[in-house]
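Only one structure is covered here, and it is reproduced in the block below.
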Amino acid sequence: MRRLVAGTGWKMNIGAADAARYATDLLRRLAKLDCTAIDMFVLPPFTSLHAAAAAFGESPVATGGQNMHWEESGGWTGEISAPMLVEAGCRYVELAHSERLQHFGETYELVRRKVDLALRSSLTPIICLGETALEKREGRADEVLAAQLLAALAGQPDARVPDVILAYEPRWAIGTAQAASPEYVAARHRALRDILRQHRGPDAAERTRLIYGGSVDPENGKDIISIADVDGLFVGRAAWKAEGFAKIIELVVAAAQGKSASLTAATA
Ligand code: PEP
């Protein structure tokens, strides 16, 4: 069974002092919850990484970067490398967020190089995939997802594929008033698993975690996380306060219990 995931990206919000306060608040709220069955991460801005990692300490809440360069070091003014993220305590790195594609000209060819270096640096890449509103209207969502997925993982052996987390984040649902409907999310996640099965084999399809992001909140998150092919929630605005992220984590913990109970019943 795939371990469910609850994660949040802070974008360009929450400086170092607030990051430490957020961590203390979140850990206090999680103290009575058994989170051992799920994975949790926060992705602070670079300058908050050390403070967040120190404040989360040995707790099960891991930290990660929101981006990284594809080279380990060199003349790349303003950039951050994978070894620097590791040194700052990161276990994860987010790649291909739609804002990086849209505003910084990133391509999936660059993402492929970053995925490779992240894996070689023992960071778990969280690779964002998602269609635009136009591609959705044209009925091309699954075709776009397949192209992004295959490009990002090109050159990786099938056995490495489950070491990444794939985040389905429809670009039209990020930072908006409404998440994708549960039916729509279920169809895309099913398509993603089929693409994995067809191109990377049954083991990669079965073991790779597919998480959903795009206007998730504690209300709509419950239906989305209960979808069979959804292995986690990836949250922006609704988790920028510790209270909001704690509510999302509660949903994911409950879903992990439900999914494991139904798996046990199915195999009994
Ligand atoms: C995001 O930016 O990846 C995201 C999911 O944001 P929000 O939840 O605010 O839509």
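The values are calculated or read from the model by the stated rules, or taken from the named source; none is laboratory data. Just so it is clear, the structure is predicted and the values come from calculations on it, not from any experiment. All Cβ positions, even for glycine, are placed from backbone atoms using ideal geometry, and neighbour counts span all protein chains on display. Side chains are part of the model used for accessible areas, which takes the heavy atoms of the whole protein and leaves out ligands, DNA and RNA. Shrake-Rupley method; radii C 1.70, N 1.55, O 1.52, S 1.80 Å.
Things worth noting here:
- A probe of 1.4 angstrom, applied to the heavy atoms of all protein chains, finds Val86 with accessible area near 70 square angstrom.
- Dividing the summed helix terms, -39500 (n - 2.57) for each DSSP H run of n ≥ 4, by the number of residues in the chain produces a 222 nm estimate of -14500 deg cm²/dmol to the nearest 500.
- With a simple spin-label model that places each label point 7 Å from the Cα along the Cα-to-Cβ direction, the separation between Ala228 and Arg140 comes to 3.1 nm.
- Most mobile listed residue (Thr63, Thr132, Thr77) in the chain, GNM with C-alpha springs under 10 Å: Thr77
- The order of Arg193, Arg2 by accessible area, most exposed first and with a 1.4 Å probe, is Arg2, Arg193.
- Of the trypsin sites (Lys or Arg not before Pro) found in the range 235-268, those in coil by DSSP whose Cβ has at most 14 other Cβ atoms within 10 Å are Lys241.
- Extreme residue, positive dipole direction of the chain, given options Phe46, Gly15, Val115 (C-beta unit charges): Gly15
- 5 angstrom amide H check on Ala167, placed H, neighbours 5+ away: Ile127, Cys128, Leu129, Ile211
- Of the residues Ala255, Gly105, Gln66, the one whose Cα sits farthest toward the positive end of the charge dipole of the chain, with +1 on the Cβ of Lys and Arg and -1 on the Cβ of Asp and Glu, is Ala255.
- Residues Met68, Met1, Met84, sorted by accessible area with the largest first, give Met1, Met84, Met68 [1.4 Å probe; ligands and nucleic acids excluded].
- List Glu183, Glu71, Glu135, ordered by accessible area with a 1.4 Å probe, largest first: Glu183, Glu71, Glu135
- Using R0 = 45 Å, the C-beta based FRET efficiency linking Ala154 and Ala177 works out to 0.80.
- Cβ charges +1 (Lys, Arg) and -1 (Asp, Glu), total dipole of the range 193-263, debye: 160
- Of the residues Gly57, Leu192, Tyr92, the one whose Cα sits farthest toward the positive end of the charge dipole of the chain, with +1 on the Cβ of Lys and Arg and -1 on the Cβ of Asp and Glu, is Gly57.
- Distance between the C-alpha centres of the range 32-76 and the range 203-221: 19 Å, rounded to the whole angstrom.
- In the complete set of protein chains, residue-level accessible area for Ile227 is approximately 30 Å², probe 1.4 angstrom.
- Once all protein chains are placed together, Val253 keeps about 10 Å² accessible to a 1.4 angstrom probe.
- Only Lys, Arg (+1) and Asp, Glu (-1) charged, at Cβ; the range 4-267 dipole about Cα centre in debye: 280
- Placing +1 on the Cβ of every Lys and Arg and -1 on the Cβ of every Asp and Glu, with no other charges, gives the range 1-106 a dipole of roughly 500 debye about its Cα centre.
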